[in-house]
Each structure stands twice: as structure tokens, then as C-alpha cells.
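The values are calculated or read from the model by the stated rules, or taken from the named source; none is laboratory data. Just so it is clear, the structure is predicted and the values come from calculations on it, not from any experiment. Neighbour counts run over all protein chains shown; Cβ positions are idealised from the backbone, glycine included. Side chains included, ligands, DNA and RNA excluded: accessible areas come from the protein's heavy atoms. Shrake-Rupley method; radii C 1.70, N 1.55, O 1.52, S 1.80 Å.
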Amino acid sequence: MTSTSTRTVYVTATSLDGFIATEEHSLDWLLSRRLDDDSPWSHDRFMAGVGSLVMGRSTFDWIERHRAQSGDPWFYEQPTFVLTHRELVAPEGADVRATCADVTEVHRELVEAADGADVWVVGGGGVAADVAAAGLLDEVVVSIAPVTLGSGAPLLDGPLELELLDSGVNGEMLCARYAVRRP
Ligand SMILES: NC(=O)c1ccc[n+]([C@@H]2O[C@H](COP(=O)([O-])OP(=O)(O)OC[C@H]3O[C@@H](n4cnc5c(N)ncnc54)[C@H](OP(=O)(O)O)[C@@H]3O)[C@@H](O)[C@H]2O)c1
């Protein structure tokens, strides 16, 4: 565990063949799925326990493209760290912090910002793999959509040994929660 109460959790939706977006960064295959708001695996229920977030630049850019089309406000109230080597304009009123610091340092800041709640590793798969390689990832939670994509952004860019803790269903999605096994 990363602290007595904070867990660092990679939570994502994936295709059955292990991609979290198409090559073109499309999530149409995911956004069309039927979900159950009352499921124990619902996004709202998970978000209630999240104190801070970390995501890569492509994920941030996807959210900003989506917001530009939909007019939605920034999605998250919690401090959000965006890993990037490039300048970033934070959405108005949002606590968005761009960083290219070492993953261990970023994680220290994430745990501090989470204030006892959980750290959500949003993705992509490279960020999740970096956190895991630093020995800082506690859990992986996947919602598997009934679709294969053939190619795209990988679920996790590295080897990880996992232990199944729980499983269930959210609408069309098959869900699983795993503990990360440490050597
Ligand atoms: N299915 C889902 O639930 C789900 C969840 C999350 C994301 N997604 C989607 O999956 C796709 C993921 O894209 P992706 O594979 O390109 O991953 P990503 O992690 O979103 O973005 C990768 C980029 O982040 C920056 N970055 C990553 N690690 C860094 C570090 N340690 N220091 C500094 N910068 C760092 C780099 O950008 P620069 O060097 O160019 O700044 C890198 O090219 C996106 O389309 C996203 O929307 C889907």
C-alpha cells in the first residue's frame, strides 16, 4: 500500500483485446455502451472515493476535444495531474497541474493532494505501467466492453502480476478488480 489509507488504483475501460482507445484516440466503441448507474461498479460510486487523479497528455487532450464539442464543464473536482512535456492551458476553474517530474515525485504529490482518499490513475497504459514499475500501483480495475478493436492504445504497457479480488457486471461491461502482486 502507498499509505495507511490511500490506494493508488488504475481504473479504466478496455476492449476485450486490451485496448483503451483506437489508433485515432476514439472512444466511440465505449461511449455507446449501456451502463447501470446502480451497479456497485458505477463510475459515480468509484469517484466518491477519489482524492486526486493522474493522466497522460493524450487523455487530457481527448477530454478537452470532447468538452469543446459538448460544451461540458471540466469533469473533475479533485486535483488532476497531467503528465506532459508540453505547455498546457488548464481549463477555467479546474485544479489541473501539468508536470514532467519523475513518477515517484508526482506520486508523492498525488498522495498528499488526495488527503487520505484514493489516487486514480486514469491512463493511458504507459502512465499506469510507469506507476506500477515504480512499485506504487496497488490495484487495477477494468471494465471490459464486448468488442475487439484489433489495435489501439494499450491497456498496460508492461508486465504486471495480478491477483483477482472481485468481479461483477455493469450493464454491458464485465468488471474485475485486481491487487497488484509485488515481487
Ligand atoms: N478506455 C478508457 O477508459 C480510457 C481511459 C483513459 C484514457 N483513454 C484513452 O486512451 C488513450 C491513451 O493515449 P496514450 O496511450 O497516448 O496515453 P496518455 O498517457 O494519455 O498520453 C501519453 C502522453 O503523455 C505524456 N507523458 C506520459 N508519461 C509522461 C511522463 N512520465 N512525463 C512527461 N510526459 C508524459 C507524453 O506526452 P508529451 O510528451 O507529448 O507531452 C505522452 O506521449 C487516449 O485516447 C485516451 O483518451 C481511455
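From a point 7 Å beyond the Cα of GLU105 in the direction of its Cβ, which residues of segment 119-155 have a backbone N at a distance under 17 Å?
131, 134
Taking loop as defined by DSSP and a crowding limit of 15 other beta carbons within 10 Å, which trypsin sites (Lys or Arg not before Pro) in segment 77-183 fit?
Details: sites: ARG86, ARG97, ARG108, ARG177, ARG181; in loops: ARG86, ARG181.
Filter output for segment 77-183: ARG86, ARG181.
For segment 106-148 and segment 1-62, what is the separation of their C-alpha centers, rounded to whole Å?
10 Å
Quick check: from the Cα gyration tensor, does the chain come out rounded (a/c under 1.5), prolate or oblate?
rounded
Enumerate the calculated ³J(HN,Hα) couplings along segment 125-131 in order (Karplus 6.51 cos²θ - 1.76 cosθ + 1.60, θ = phi - 60°), each rounded to whole Hz, writing x wherever the residue is Gly or Pro.
Going residue by residue, I get x, x, 5, 4, 5, 5, 5 Hz, with x marking Gly and Pro.
Give the long-range amide H neighbours of LEU162: residues separated by 5 or more places, or on another chain, with amide H under 5 Å away, using H modelled in the peptide plane at 1.01 Å from N.
ARG181
Percent of accessible area on the chain owned by carbon and sulfur, 1.4 Å probe?
That fraction is 50 percent.
Taking H as built 1.01 Å from N, whose amide H comes closer than 5 Å to the amide H of GLY56, not counting residues under 5 places away?
For GLY56, whose amide H was placed from the backbone, the distant partners under 5 Å are LEU83, GLY123, GLY124.
List the residues, sorted by chain then number, that are 5 or more residues from VAL11 or on another chain and whose placed amide H is less than 5 Å from its amide H.
Distant-sequence amide H within range of VAL11: VAL121, VAL141.
Taking the DSSP beta bridges in segment 8-180 as the whole, what percent of them are antiparallel, to the nearest 5?
Here the share of antiparallel DSSP bridges comes out near 40 percent.
Counting alpha carbon pairs within less than 8 Å and at least 6 residues apart, what relative contact order, in whole percent, applies to the chain?
Values: 357 pairs, mean separation 65.6, N = 183.
Reported as a whole number, the value is 36 percent.
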